[in-house]
Amino acid sequence: MHVIILHSDKSRSFCMKIGCCRLHHRSVKSRGMLCLSGFASDCFIRLFVLCLVVPGILLVGGGCKHTAVASFATDAGSPASSHGDLSPAPWTNLDFANEPDDFRFAIVADRCGGERPGVFLDALNKLSLLRPEFVMAVGDLIEGYSEDEAVVQGMWQELTDMVSRLQMPFFKVPGNHDVTNPTQDIVWDRLFGNRYYWFEYKGVLFLCLNSQDNDSRQGLSPAQVAWAQDVLAQHADARWTFVFMHKPLWVYEEGDTETSRKTIKDKKDTGFGAIESALAGRNYTVFAGHFHQYAKFIRNGQRYYILASTGGGSSLSGPEHGEFDHVVWISMQPDGPSVVNLELDGILRDDIFTEKHLLAARDIKFQDAPPTKGAPAMSMTLPFVWTNPFPQTVSMELTWANGSGPAWTVTPLSVAEELAPGGVIECEFEAAASRSDSGIVPMPVMRASLTGSNRLSLEKTIALPFDAKSYFLDRLPEIQCQKVDGAVKVDGLLDDQAWRRSPDTTNMTVRTLDGNPSVATGFWVSHDTENLYVAARCSEPNLPGLVTTATERDGHCWEDDSVEIFVATDEDRKMYYQFIVTASGVLYDGKIRDSQWNGECAWATGREEAAWTLEMAIPWKTIGLTPPASNSRLGLELVRTRVQSGREMLQWAPSPDDNHNTTLFGYLCFD
């Protein structure tokens, strides 16, 4: 149990000042929230917030930084700790981040200008979860561009209905979609009063401008400039100043700017330069929208931001291109604001995934599946039953991949149903191997997809209940190891006499058994009295894309594009050696799983026009053998890993679970 008591030597109230350019004000109290708009620049409203006293905790909105005095109940037998004796202790310090003048607010970007319905409302719902102290908007809140007053009024009513769900103030500045023409100007003035205003909160000045306030609706009127200069002069002692506008007027002042959606060629006198001059010598941050493409600028040593979108038209090419839906989270601290972009998809409710989801996924399975041990069944009936446990209707789709040959036939190939809460899907599948002697790969795989409202989405892949290990154990492959005539030069070039024949095998199997290899791989194996030789040609259409991150021997070579060679040297296959060579020629070698063992061997990799190659000589003595006798055999596994294709692992002797399963190694036979 932790009890934290916060003490302050005094308590005081804090005030918010709100002002704007002309005398017009309205105060509406609803839903326990005070909504404010339109106050004259020479008047303000003070909101006094009383200190909230909770038993054992005193919270105050001002004064010095709170001193934290903590008492802690400790485990039995451990000494109690106090603020003056905290060493050792399972925490770093008790310097709580509770400066009384710190605060947090959020900013939403453009909702309209090609609105994508639902995004802005989603953002408001998520801001209600995050609970900022207030929310700012940089304009384009309605689609606008209408001279029908009733239509414009309806657009604003739609926005008001959405914003009403917020439990904190919502401040806006007009965008070009909001005040496009005289009709929209009239509606704005009737609903909201002034089109530019200021307010002060905890010593921070918020300057909210109308960037459509001149004849071209691309700048500030002389009256607004003079008003802003006066506001800044009256608040010269503000500890920080935030400037909000819709159009990024500094870009128009500079000209020669091009983004994916806007091109500004000529310089324009927007009036903002005069405001920048008035801002000189103080700390400030500027936020704008309009471009629907995020960008951060540094001007006059200060941060200027163009925000992306919160539902406005966007190609959504991603944060790396500045095109994404987001809200901005501002944490105001003594040394200035921390600015963080929160993508909407990254703000999730605490019940986004629950135990019910886990149980629902667990129950997506075949009923009375055939046994997975013993003689593999080459045909089977697969009953499927699933009950919707969710309080909403869901869509269930069951689809088979590889179910129409050449190795298997599954009927039906797909089933889809809408299930009400408690609804049941019940169906039956018939699966049969096409011919038992034609191989079983690729194996059929059923993909279950479940979707519903509130972002409900479950995906599950269900393998055919087939005993692949037993199947492959009865069909272990063999390679006849040919004796070398002449020397082998280990240089990575497959030009030796030993490699001029066809490969000993090109028959590689995808380890997951659910597809065919995307590239060809050929292996040769030869020997003489001194060495076992292995060569490989790994076809690769994208040689520059080879992944080769390992640089030191016995590093994580298996994570790179590589070839692995396993040799089991005794009859029961308990002793085996592993060699991995990456496409860049880095070696891993180990005995069983011991990477500390290093053998004496030679290896080299090379490049061909559309392949990378490997040559390797493994001395018999390094793996504890003498030259094998006639009619003897060793355990062998050959593996290729191709990383750039999503980590595709190809095996000569199929072993679905583990390359180290020596019982499924093939045979290397000697005459």
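Read the figures in this text as sums done on the coordinates, not as results from a lab. Everything quoted here is computed from the prediction, not taken from an experiment. Here the Cβ is made from the backbone with ideal geometry for all residues, glycine too, and neighbour counts use every protein chain on show.
Computed from the C-beta positions of L348 and H321, the FRET efficiency with R₀ = 30 Å rounds to 0.80. Within a Cβ distance under 10 Å of T451, other residues only, what is the Lys/Arg minus Asp/Glu net charge? Charge balance near T451 sits at -1. Rounded to the nearest whole Hz, the Karplus-based 3J(HN,Hα) values (6.51 cos²θ - 1.76 cosθ + 1.60, θ = phi - 60°) of region 377-384 follow the sequence 7, 8, 8, 7, 9, 10, x, 9, with x at glycine and proline. With an a/c value under 1.5 for the gyration tensor axes a ≥ b ≥ c computed over the alpha-carbon atoms, region 476-670 is described as rounded.
Here the gap between A274 and N542, fully extended at 0.36 nm per residue and compared with their Cα-Cα distance, gives a gain of 90.9 nm. Loop-located trypsin sites (Lys or Arg not before Pro) in region 244-282 (DSSP state not H, G, I, E or B) with no more than 14 neighbouring Cβ atoms inside 10 Å: K265, K267.
Could you tell me which of rounded, prolate or oblate describes region 103-312, using a ≥ b ≥ c as the square roots of the eigenvalues of the alpha-carbon gyration tensor, with rounded for a/c under 1.5 and, failing that, prolate when a/b is larger than b/c and oblate otherwise? Rounded shape, in that the Cα axes give a/c under 1.5.
Relative contact order (percent) for region 528-671, with alpha-carbon contacts under 8 angstrom and 6 or more residues of separation? The normalised contact order for region 528-671 reaches 27 percent.
Here the gap between S221 and I592, fully extended at 0.36 nm per residue and compared with their Cα-Cα distance, gives a gain of 125.6 nm. Fully extending the segment from S449 to A150 would add 103.1 nm, taking 0.36 nm per residue of separation and subtracting the current Cα-Cα distance.
This model, with +1 at the C-beta of Lys and Arg and -1 at the C-beta of Asp and Glu, gives region 355-470 a dipole about its Cα centre of some 380 debye.
For the residue pairs K483/K621; K202/K247; K460/K574; K172/K247; K489/K621; K202/K268, alpha carbon separations beyond 25 Å are given by K202/K247; K460/K574; K202/K268. Sites listed here are trypsin sites (Lys or Arg not before Pro) in region 156-229 whose DSSP assignment is loop and whose Cβ has at most 15 other Cβ atoms within 10 Å: R165, R217.
Applying a DSSP loop filter and a limit of 11 other Cβ atoms within 10 Å to the GluC sites (Glu not before Pro) in region 87-148 leaves E147. In this label model, K356 and A295 are separated by 4.7 nm, measuring between points 7 Å along each Cα→Cβ vector.
Remark: spin-label model distance C427-Q234 equals 7.0 nm, labels positioned 7 Å along the Cα→Cβ axis.
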